[in-house]
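A short worksheet on the structure shown next.
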Amino acid sequence: MTGKYHRPHKWNWFLSKPAYMLFMIRELTAVFIGAYLILLLIMLAKLGGGEAMFSEWLVVLRSPLWMGLHFIALVASLWHSITWFNLTPRAMPFFIGEKRLADPLVATAMGYGPWLVISLVILWGVLR
């Protein structure tokens, strides 16, 4: 045998188990987040182009199509964040002595808690 063995698999392998499908959905959300970051970079470029150019861009972003895309990006980022926070205790278990802390406690302390605090600080800054 001259080459390495390549075990064939179907293109839709991730549909065989619900856990695989949820993993692929989580990975797909990263594409939407990346596209939204590109949109923010374009927005910064328009802002650097002057007030008139930025105002025209804001009018374009208020269209129903863009509002729908903003909503999809929001849902994707929420799903990505929530699944990431839920995976944190598995990737980085927290021990006090020999006792491992419960996963929900670690996820709250290392993910949801800081997320809530930062969101409240931003909200306070916006509404002030």
So for the range 77-99 (the condition being modelled with pLDDT of 90 or more, within 26 Å of I25 (Cα to Cα), loosely packed, with under 12 Cβ neighbours inside 10 Å and hydrophobic (A, V, I, L, M, F, W, C)), does at least one residue qualify?
yes
Using beta carbons and a limit of 9 Å, which pairs, at least six apart or on different chains, have the first residue in the range 6-35 and touching a residue at least 60 places away in the same chain (Cβ under 8 Å) and the second one surrounded by 12 or more Cβ atoms within 10 Å (Cβ to Cβ)?
L22/T83
Considering only the range 66-76, how many residues are surrounded by fewer than 16 Cβ atoms within 10 Å (Cβ to Cβ) and within 9 Å of the chain's Cα centre (by Cα)?
2
For the range 17-41, name all the residues that are part of a helix (DSSP H, G or I) and either in contact with a strand residue (DSSP E or B) (Cβ under 9 Å, 6 or more places away or on another chain) or of a type in the set (D, E, K, R) (or both).
R26, E27
Identify the single condition in (1) in contact with a helix residue (DSSP H, G or I) (Cβ under 8 Å, 6 or more places away or on another chain); (2) assigned to a helix (DSSP H, G or I) that P93 does not satisfy, given that it satisfies every other one.
(2)
Selected residue (criterion: surrounded by the fewest Cβ atoms within 10 Å (Cβ to Cβ)) from residues of the range 1-48 that are over 18 Å from A73 (Cα atoms) and among the small types (G, A, S)
G3
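The values are calculated or read from the model by the stated rules, or taken from the named source; none is laboratory data. Bear in mind the structure is a predicted one, so any value in this text is a computation, not a measurement. Glycine gets a Cβ as well: all are built from the backbone with ideal geometry, and neighbour counts include every protein chain shown.
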